[in-house]
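One structure is given here, and the rest of the page talks about it.
The values are calculated or read from the model by the stated rules, or taken from the named source; none is laboratory data. What you see is a predicted model, and the numbers here were worked out from it, not measured in a lab. Cβ atoms come from the backbone with ideal geometry, glycine included; neighbour counts cover every protein chain shown.
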Protein chains: 4
Amino acid sequence: KLRKGGDTETGNWLQELQTWPLWRAVLAEFLATLVFVFIGTMSAVDIVPLTDPAGKFVRIGLTFGLMIAVCIQMIGHVSGGHMNPAVSLAMAVAMEISPARAVLYTVAQCCGGMLGSLLLKGVTPGELNDNLGLTTINPDLNGGQAVACEIVFTFILVMSIFGCTDPSRALFGSPALGIGLTVSVLHFASIPFTGASMNPARSLASSVVSNNFDLHWKTPSFPETARQLMDSKD
Amino acid sequence: KLRKGGDTETGNWLQELQTWPLWRAVLAEFLATLVFVFIGTMSAVDIVPLTDPAGKFVRIGLTFGLMIAVCIQMIGHVSGGHMNPAVSLAMAVAMEISPARAVLYTVAQCCGGMLGSLLLKGVTPGELNDNLGLTTINPDLNGGQAVACEIVFTFILVMSIFGCTDPSRALFGSPALGIGLTVSVLHFASIPFTGASMNPARSLASSVVSNNFDLHWKTPSFPETARQLMDSKD
Amino acid sequence: KLRKGGDTETGNWLQELQTWPLWRAVLAEFLATLVFVFIGTMSAVDIVPLTDPAGKFVRIGLTFGLMIAVCIQMIGHVSGGHMNPAVSLAMAVAMEISPARAVLYTVAQCCGGMLGSLLLKGVTPGELNDNLGLTTINPDLNGGQAVACEIVFTFILVMSIFGCTDPSRALFGSPALGIGLTVSVLHFASIPFTGASMNPARSLASSVVSNNFDLHWKTPSFPETARQLMDSKD
Amino acid sequence: KLRKGGDTETGNWLQELQTWPLWRAVLAEFLATLVFVFIGTMSAVDIVPLTDPAGKFVRIGLTFGLMIAVCIQMIGHVSGGHMNPAVSLAMAVAMEISPARAVLYTVAQCCGGMLGSLLLKGVTPGELNDNLGLTTINPDLNGGQAVACEIVFTFILVMSIFGCTDPSRALFGSPALGIGLTVSVLHFASIPFTGASMNPARSLASSVVSNNFDLHWKTPSFPETARQLMDSKD
């Protein structure tokens with residue numbers, strides 16, 4: 001089962017902290033997020049000049065999506081295979097894992113992601129070190145549009161994960177491949193819009209290691225976001 | 001099962017209208033068509049200039065096809081996962097769902113598709129709002145040729161759906177992936193011919209929101225269609 | 001089971017000719033080869049100018065391969081889903097189907113393929129009618145090289161089909177997808193070499209309908225083939 | 001089972017050498033590596049000029065990865081379907097196969113790979129014979145960076161293989177497809193970095209037959225490697 005999280009039903013979260021399976025799962029998340037960020041963002045580094053964006057989007061989307069599937073194959077039986085704080089949060093909200101576990105996973109994912117990005121920096125020629133697969137939002141989009149996109153993307157991702165891992169449904173093939181292809185399809189469509197974030201650990205890692213926090217993000221207040229969405233529909 | 005539709009065997013369609021599962025299924029179709037049209041047509045918006053059509057076709061085809069698979073994973077257990085009035089119609093003709101359900105699905109799909117297209121318009125820079133993934137027929141094709149193409153495409157799609165969901169056959173892997181890849185392969189081949197419609201809800205949504213009903217469609221009468229097909233074979 | 005073929009064990013081939021399942025299978029092969037050739041070769045018609053061959057190979061390979069998978073999903077339970085005289089011949093040699101069935105399948109496949117190609121001609125603008133997805137051998141290759149390529153390709157295809165359909169082996173996922181992806185991968189590699197024939201029905205159809213039998217094929221005698229292979233290795 | 005290796009539990013390796021299944025497995029590895037290298041490196045030969053690297057990476061990655069899946073489908077039940085000395089070594093270390101078997105597999109894989117590459121040379125026009133899918137490291141990378149990359153790639157590949165073939169885990173779909181897609185995703189990301197070796201038999205074959213051992217490999221000593229990695233992170 002991809003949905004497993006120790007003694008959430010007893011509510012005794014502190015007791016779970018003393019068990020070896022929890023820490024093995026945290027270690028697995030750390031390692032899996034490391035290799036996921038390393039391989040995924042490696043596909044987005046323009047080490048050779050690319051001419052056609054469509055081929056680039058297919059390549060990056062397939063790499064991120066299938067890498068998620070590969071990581072779930074590797075560690076799904078240990079930790080559930082989240083590699084994404086948003087997924088861990090969703091699982092905690094759905095009472096599948098305990099809040100303590102979600103916090104530990106998130107820390108492990110962020111650390112693993114940053115180490116993966118650092119490793120990518122180590123193997124990348126120096127002149128490319130300023131853009132290690134950064135999540136960049138299209139400059140033609142304003143903040144409200146980007147927020148709206150990411151809300152829909154994350155909704156689809158979380159819905160698909162629950163659909164793929166629900167043991168009470170008819171089985172729709174491999175859960176690992178199902179979740180991976182969901183990530184791929186969201187990348188295919190959204191890379192030129194918002195850079196296809198959907199994963200705070202991965203975006204944070206690239207930003208910290210590239211030392212670039214300029215997301216072209218004109219952070220809007222909520223009313224402004226609503227107003228911008230209204231405007232753009234006129 | 002992907003083929004489920006309430007009390008078609010009792011023939012008591014009106015009674016079905018009073019059940020909660022029907023309306024939950026209608027809501028699921030609405031939501032799934034919304035995200036399907038949003039993500040699918042997003043991949044067809046040229047927000048960055050693309051140079052190579054082949055890569056573009058692969059990207060769009062994979063996005064539409066895998067998005068169908070993702071939506072079936074999400075809501076297949078609730079409504080069957082049609083997202084397409086043509087599929088709902090075929091299922092009604094095959095007596096898998098009741099006519100009333102087919103009508104409600106179609107309405108929900110059209111509304112969801114238009115809202116998805118509207119959402120895409122909201123997150124797209126203004127100068128691109130005239131072409132939000134419109135289904136365009138190649139101007140070198142006449143109406144008869146386009147009609148012939150779409151008949152074959154829809155035939156393949158419906159046959160494949162029945163093949164993937166028939167419980168009496170040997171299982172050919174995941175139904176969701178099977179149907180999704182059918183949609184993908186039809187897109188790969190047909191985008192430069194007829195724009196790969198096959199889905200009235202999706203085409204309607206893009207046309208309404210883009211306010212563009214010019215399908216380069218020189219609507220032919222049936223005899224003219226036959227004549228044109230004969231002519232082009234000489 | 002994909003391997004089914006009536007009463008081969010009784011050896012009473014003529015009796016099989018009087019059974020309805022045989023003729024239903026022949027009709028299924030006819031129809032499936034028709035749509036396979038129609039969609040597959042449609043992806044190879046350059047109705048819009050393509051700039052990058054790699055994207056084109058991926059598009060064509062995915063279309064042919066996944067279309068095989070789709071057709072197996074549609075008619076695999078009726079006829080086995082060959083769509084290829086080479087496959088029918090291999091199945092007959094392996095005693096899986098009777099020789100009479102193999103002959104009937106081959107005739108149905110050739111007729112279906114030609115009708116599919118004719119249909120493609122009907123929906124293609126006139127100036128493109130000279131090249132409807134023709135199987136063309138790279139002019140830099142001599143006949144011996146092309147023959148050697150096709151022998152290896154067909155060996156891989158037939159071995160993979162037997163591997164995917166052997167009921168005594170551990171199941172490697174969906175047989176339809178396995179065979180389809182085999183066709184895809186052979187296309188990815190071989191399109192610029194020999195045009196990735198591997199299917200007499202499909203090559204015949206394109207040649208007949210395009211009225212083009214010039215395969216750049218300098219048919220060599222066997223000793224000459226051997227000599228050419230030797231030469232090219234020096 | 002993909003993990004099978006004869007009498008490792010008895011420790012009587014010499015006795016295994018007299019069994020027919022072992023030699024059949026060695027023969028299967030020889031043949032599978034031959035066709036794997038032939039088809040895989042064929043996709044990397046630039047017989048037609050390619051303009052866009054991204055499409056090229058997708059094509060090569062899909063070819064290598066899916067060809068691994070196809071070969072596992074063909075011979076997985078006979079030999080386990082390694083086609084890679086690194087995999088055989090990992091399996092021997094994990095006590096899944098005997099050391100004698102690993103050595104025989106490695107010899108068979110290297111011979112098969114070289115024959116496959118020789119066959120590719122035979123069917124390739126003469127002016128392309130200097131680069132038959134050589135594994136080339138990006139000249140901007142130093143030796144330490146390339147070694148670090150390959151260590152991570154091989155770690156992911158071996159972890160994924162153990163994950164896909166562990167019978168005690170929940171099944172994540174087809175093992176053949178899982179391993180194949182792992183190879184694909186590593187190629188997508190790493191071709192422009194280190195050429196995506198991960199397979200000594202395949203790299204050796206291309207080098208021997210192309211008579212080109214210049215890997216742009218400025219072989220560093222271990223301290224130098226560590227120093228270079230440190231330097232590049234500053």
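Worth pointing out:
- Residue count for segment C:88-105, restricted to those that are aliphatic (A, V, I, L, M) and buried (at least 24 other Cβ atoms within 10 Å of the Cβ): 2
- Qualifying positions in segment C:196-211 - in a helix (DSSP H, G or I) and buried (at least 24 other Cβ atoms within 10 Å of the Cβ): C:ALA201, C:ARG202, C:ALA205, C:SER206, C:VAL209
- Extreme residue, farthest from C:LEU141 (Cα to Cα), among residues of segment D:53-63 that are under 16 Å from the mean Cα position of the chain (by Cα) and at the interface with chain C (Cβ under 7 Å from one of its Cβ atoms): D:LEU62
- Residue within segment B:106-116 that is within 14 Å of chain A (Cβ to nearest Cβ), farther than 29 Å from A:ARG59 by Cβ and either surrounded by fewer than 20 Cβ atoms within 10 Å (Cβ to Cβ) or among the aliphatic types (A, V, I, L, M) (or both) present: yes
- Options D:LEU66, D:LEU50; residue that is modelled with pLDDT under 85, facing chain C (nearest Cβ under 9 Å) and within 28 Å of D:SER210 (Cα to Cα): D:LEU50
- Selection count where residues are under 11 Å from the mean Cα position of the chain (by Cα) and either over 12 Å from D:PHE153 (Cα atoms) or acidic (Asp, Glu) (or both), scope segment D:181-200: 1
- The selection criterion, being closer than 30 Å to B:THR136 by Cβ, of a type in the set (S, T, N, Q) and either touching a residue at least 24 places away in the same chain (Cβ under 8 Å) or in contact with an Asp or Glu (Cβ under 6 Å, 6 or more places away or on another chain) (or both), holds for C:SER117.
- Selection within segment C:172-216 - on the phi > 0 side of the Ramachandran plot and either modelled with pLDDT of 85 or more or within 14 Å of chain D (Cβ to nearest Cβ) (or both): C:GLY173, C:GLY195, C:ALA196, C:MET198, C:HIS216
- Hey, D:LEU104 within 25 Å of D:ASN138 (Cα to Cα) and over 14 Å from the mean Cα position of the chain (by Cα) or not: no
- Boolean, D:PHE162 is more than 11 Å from chain C (Cβ to nearest Cβ), assigned to a helix (DSSP H, G or I), at pLDDT 90 or above and closer than 21 Å to D:ALA201 by Cα: no
- Matching residues, segment C:124-159, being among the hydrophobic types (A, V, I, L, M, F, W, C) and without any contact (Cβ under 8 Å) to a residue 40 or more places away in the chain: C:ILE151, C:VAL152, C:PHE155, C:ILE156, C:MET159
- Answer residue from segment C:111-146, given it is of a type in the set (D, E, K, R) and part of a helix (DSSP H, G or I) and is farthest from C:THR194 (Cα to Cα) among those: C:GLU127
- Condition check for C:CYS149: surrounded by 18 or more Cβ atoms within 10 Å (Cβ to Cβ) and within 14 Å of chain B (Cβ to nearest Cβ): no
- Leading residue by the ranking (farthest from the other protein chains (Cβ to nearest Cβ)) among those in segment C:117-146 that are small (Gly, Ala, Ser) and over 30 Å from C:ARG24 (Cα atoms): C:GLY143
- When the criteria are applied in full, A:MET67 meets the requirement of being under 24 Å from A:THR124 (Cα atoms) and under 16 Å from the mean Cα position of the chain (by Cα).
- Positions within segment C:17-47 being among the hydroxyl-bearing types (Ser, Thr, Tyr) and at pLDDT below 85, in sequence order: C:THR19
- Screening B:VAL93 with (1) over 30 Å from C:GLY55 (Cα atoms); (2) in contact (Cβ under 8 Å) with a residue 12 or more places away in the chain gives one miss only, at (2).
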